[in-house]
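The values are calculated or read from the model by the stated rules, or taken from the named source; none is laboratory data. This structure is a prediction, so every number in the text was calculated from the model and none was measured. Because the Cβ atoms are built from the backbone with ideal geometry, glycine has one as well, and the counts that use them run over all protein chains shown. For accessibility, only protein heavy atoms count, side chains too; no ligands or nucleic acids. Shrake-Rupley method; radii C 1.70, N 1.55, O 1.52, S 1.80 Å.
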Amino acid sequence: MVRSIFARCALAAAVVAGAAAPASAQVLARLENSVVVFDELLAMKDNAIPEDLLRKAECVAIIPGLKKGAFVVGAKYGRGFVSCRRAGTWGPPAGIIVEGGSVGFQIGGSETDVLLTIMNKRGVDRLLSSKFTLGADASVAAGPLGRSATAQTDAMMTAEILSWSRSRGVFAGVALDGATLRGDNDANRDLYGRKVTVREIVTGRDAVPSAAQPLIDRLARY
């Protein structure tokens with residue numbers, strides 16, 4: 001009996017210790033880069049993402065430094081974070097991975113910052129699935145530019161997800177057709193101290209980890 005009590009206490013202590021463990025250097029750097037990317041994209045004046053779209057978005061995903069390399073077969077791979085609204089505020093972020101490929105005669109490589117806005121419940125439902133493909137499972141459209149740009153176009157009224165990218169200083173709306181999006185289990189375990197899915201983070205009651213608070217504060221400004 002005493003041994004059982006001690007075992008349960010040790011287990012509880014281990015769980016608490018795991019939950020309180022600091023995030024790894026890689027995850028911290030990715031969170032910091034996400035804040036920098038968001039700040040820079042919103043500071044681009046006439047070429048910025050329209051603020052009214054951010055206000056209407058159900059979720060915002062930032063993938064800093066998505067890597068693209070190609071030699072006949074192109075490939076995309078990036079890791080970032082997504083935060084969704086919860087009771088009027090931005091909820092804790094979940095790690096995500098974007099990956100996919102395209103076929104074509106391409107030579108070279110680049111890193112691209114990507115921002116996605118999930119605009120409606122259908123898009124959120126796709127996000128909460130274990131994995132989905134942009135353009136196939138969820139409709140995606142290139143987002144407009146300009147603070148005063150309007151969302152009243154057919155594509156933006158029907159698209160579940162809008163996307164933008166910045167590469168080599170050029171910022172533009174881009175449709176990431178064919179790319180897949182799934183949860184980053186390693187990053188989520190790192191941030192929350194346990195195995196947890198994107199669905200559990202978005203719909204659960206986890207508090208925002210201290211390492212992610214600067215990112216949530218930036219989203220709250222808009």
- Message: If you count only protein heavy atoms and use a 1.4 Å probe, how large is the accessible surface of V174, to the nearest 10 Å²?
- Response: 40 Å²
- Query: At R205 and S24, where each label point lies 7 Å from the Cα along Cα→Cβ, what is the point-to-point distance in nanometres?
  - Reply: 3.0 nm
- Query: So which aspartates and glutamates pass the test for K121, namely a Cα distance under 19 Å, with those fewer than 8 places away in the same chain ruled out?
  - Reply: D52, E58, D137, D154, E160, E200
- Can you tell me how much longer the chain between R122 and A43 gets when fully stretched, taken as 0.36 nm per residue apart minus their C-alpha distance, in nm with one decimal? 25.5 nm
